[in-house]
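One structure below.
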Amino acid sequence: MTRTTGERALVLGLDVGGTSSRAVVADLNGRTLGEGHAGGGNPNSHPPERAAEQVARAARTALAGADPALVGAATLGMAGISRMSDPAVSGLFDRMWACLGLRCAVRAVSDGEVAFAAGTPEPHGTALIAGTGSVVARITDHELERTVGGYGWLLGDEGSAFWLGREAVTATLRSLDSGEGGHDPLVAAVLAELLDDPAPEQPGPMVCRRIISAVGERAPIRLAELAPLVTTTAAESGGKATDIVNRAARMLASAALSVRTDRDDSPVVLAGSLLTGRGPLVSSVRNELAEGGAHRLSTARSGSLGAAWLAARELTGEAHARELHAAWLGGANDPPDSGSPGSGSPEEG
């Protein structure tokens, strides 16, 4: 790799969501110098002061072994970056950057741009993100062109962890209403998760009321915590879980394909906790995309390194940027089924 020296040859990348904030500092020779992790730092999900505090904690940890004044470019990837257009919020973050000792501007971009960069160095393509929520991002020249979905749990997020959890509870209620009881593996798993007595002797209507009460006592977004029940049951036992997984895959793939033309050969990057591992949902989404003509599929890796790579593009040429992508993110990623590591956690928004 071409060696780069001189002032301000470091980059800072931040991947910020509703549940976690991650930061990385790297140099233009391909070395990672520091990493940091903190709680959710999205000002759409938390009070701005709390959000800035968590982002600062992650960045400060990553910068512990480096001189902040040597950072020549920094990128912050965040879902719902529109909040950063509020002068009060952006001013809060600007003061925080100054307190950290940064002398460069910190560019805020969408989580879709960061996810796409974490999966490929190509300039154009599609990011399909499914974690707690879901969204499709169309990327042109490394920047967000348009989105599909991402409306939040109340208005959409089809195929997301929230959607899977809600469908699991709905399927359980319908099974009890119809008299099927808990014979389906997914229904049995939901009963065990939500009720103290996983095989209640009470009539179906009474059990339904108990389930509704158990769900109603939680924040609605916590239905996302039931998503692993769906994917695990689909992998091990089939039944209603497999139907839910297949419907989720069709909706996710359809959203991704809707931003592509018939002759589009650009990559699709799979990102978010539901799509960066192994399992029936990942396989089904990949099959649906391939049937729709999308054959260049890759998996997003570290979002903070994806953000750092976008920052590095401001300081170096295209050839060197591709070398850095290979060093930090492995170049073109292998499919998860062949052993590629996944990353990411469910994040609000």
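The values are calculated or read from the model by the stated rules, or taken from the named source; none is laboratory data. Worth saying up front: this structure is predicted, and the values here are computed from it rather than measured. Here Cβ is always computed from backbone atoms with ideal geometry, including for glycine, and neighbour counts include all displayed protein chains. Please note that ligands, DNA and RNA were not included when accessible areas were found on the heavy atoms of the full protein model with its side chains. Shrake-Rupley method; radii C 1.70, N 1.55, O 1.52, S 1.80 Å.
Arg166 passes all but one of (1) surrounded by 16 or more Cβ atoms within 10 Å (Cβ to Cβ); (2) charged (D, E, K, R); (3) within 30 Å of His124 (Cβ to Cβ); which number fails?
The one condition Arg166 does not meet is (3).
Determine, yes or no, whether Gly65 is in a loop (DSSP other than H, G, I, E, B), surrounded by fewer than 18 Cβ atoms within 10 Å (Cβ to Cβ) and in contact (Cβ under 8 Å) with a residue 24 or more places away in the chain.
When the stated conditions are applied, Gly65 passes them.
Quick check on my filter: what residues within the range 131-140 are surrounded by fewer than 24 Cβ atoms within 10 Å (Cβ to Cβ) and hydroxyl-bearing (Ser, Thr, Tyr)?
Looking only at the range 131-140, we keep the residues that are surrounded by fewer than 24 Cβ atoms within 10 Å (Cβ to Cβ), and these are 138, 140.
Hit for the range 131-140 is Thr140, nothing else.
Checking the conditions here, which among Leu92, Leu102 is over 21 Å from the mean Cα position of the chain (by Cα) and in a helix (DSSP H, G or I)?
Going through Leu92, Leu102 in turn, just one is over 21 Å from the mean Cα position of the chain (by Cα) and in a helix (DSSP H, G or I): Leu92.
Among the candidates Glu167, Glu122, Glu113, Glu180, which residue alone is of a type outside the set (Lys, Arg), part of a loop (DSSP other than H, G, I, E, B) and modelled with pLDDT of 95 or more? Working first, answer last.
Working: Glu167 fails: part of a loop (DSSP other than H, G, I, E, B); Glu113 fails: part of a loop (DSSP other than H, G, I, E, B); Glu180 fails: modelled with pLDDT of 95 or more.
On inspection, the qualifying residue turns out to be Glu122.
From the residues in the range 199-229 that are over 23 Å from Gly18 (Cα atoms) and under 32 Å from the mean Cα position of the chain (by Cα), which one is least open to solvent (accessible area, probe 1.4 Å)?
Ile211
Could you tell me how many of the residues in the range 183-198 are open to solvent by 40 Å² or more (accessible area, probe 1.4 Å), more than 30 Å from the chain's Cα centre (by Cα) and either under 20 Å from Thr232 (Cα atoms) or at pLDDT 95 or above (or both)?
Going through the range 183-198 one residue at a time, the tally reaches 2.
With open to solvent by 50 Å² or more (accessible area, probe 1.4 Å) and either within 20 Å of Glu314 (Cα to Cα) or in a strand (DSSP E or B) (or both) as the only criterion, which of Leu128, Leu144 stands out?
Values: Leu128 fails: open to solvent by 50 Å² or more (accessible area, probe 1.4 Å).
Step by step, each of Leu128, Leu144 is checked, and only Leu144 is open to solvent by 50 Å² or more (accessible area, probe 1.4 Å) and either within 20 Å of Glu314 (Cα to Cα) or in a strand (DSSP E or B) (or both).
Tell me, yes or no, whether the range 253-263 has at least one residue that is farther than 29 Å from His37 by Cβ, of a type in the set (Asp, Glu) and at pLDDT below 95.
Within the range 253-263, one or more residues are farther than 29 Å from His37 by Cβ, of a type in the set (Asp, Glu) and at pLDDT below 95.
Quick one: would you say Thr120 is open to solvent by 20 Å² or more (accessible area, probe 1.4 Å), of a type in the set (S, T, N, Q) and under 26 Å from Gly330 (Cα atoms)?
No: the conditions fail for Thr120.
Pick out the one residue from Ser254, Ser283 that is open to solvent by 10 Å² or more (accessible area, probe 1.4 Å), among the small types (Gly, Ala, Ser), assigned to a helix (DSSP H, G or I) and closer than 14 Å to Thr126 by Cβ.
Ser254
Filter the range 274-293 for residues that are under 11 Å from Thr231 (Cα atoms) and β-branched (Val, Ile, Thr) and give the result.
If the condition is that a residue be under 11 Å from Thr231 (Cα atoms) and β-branched (Val, Ile, Thr), then Val282 is the only one that fits.
Give just the number: which of (1) farther than 30 Å from Pro228 by Cα; (2) free of Cβ contacts under 8 Å to residues at least 40 places away in the same chain does Ala88 not satisfy?
Checking Ala88 against (1) farther than 30 Å from Pro228 by Cα; (2) free of Cβ contacts under 8 Å to residues at least 40 places away in the same chain, the one that fails is (2).
Within the range 147-160, track down each residue that is open to solvent by less than 70 Å² (accessible area, probe 1.4 Å) and of a type in the set (Asp, Glu).
Matches in the range 147-160: Asp157 only.
Taking the criterion of being under 23 Å from Pro43 (Cβ atoms) and free of Cβ contacts under 8 Å to residues at least 60 places away in the same chain, would at least one residue in the range 113-133 satisfy it?
no
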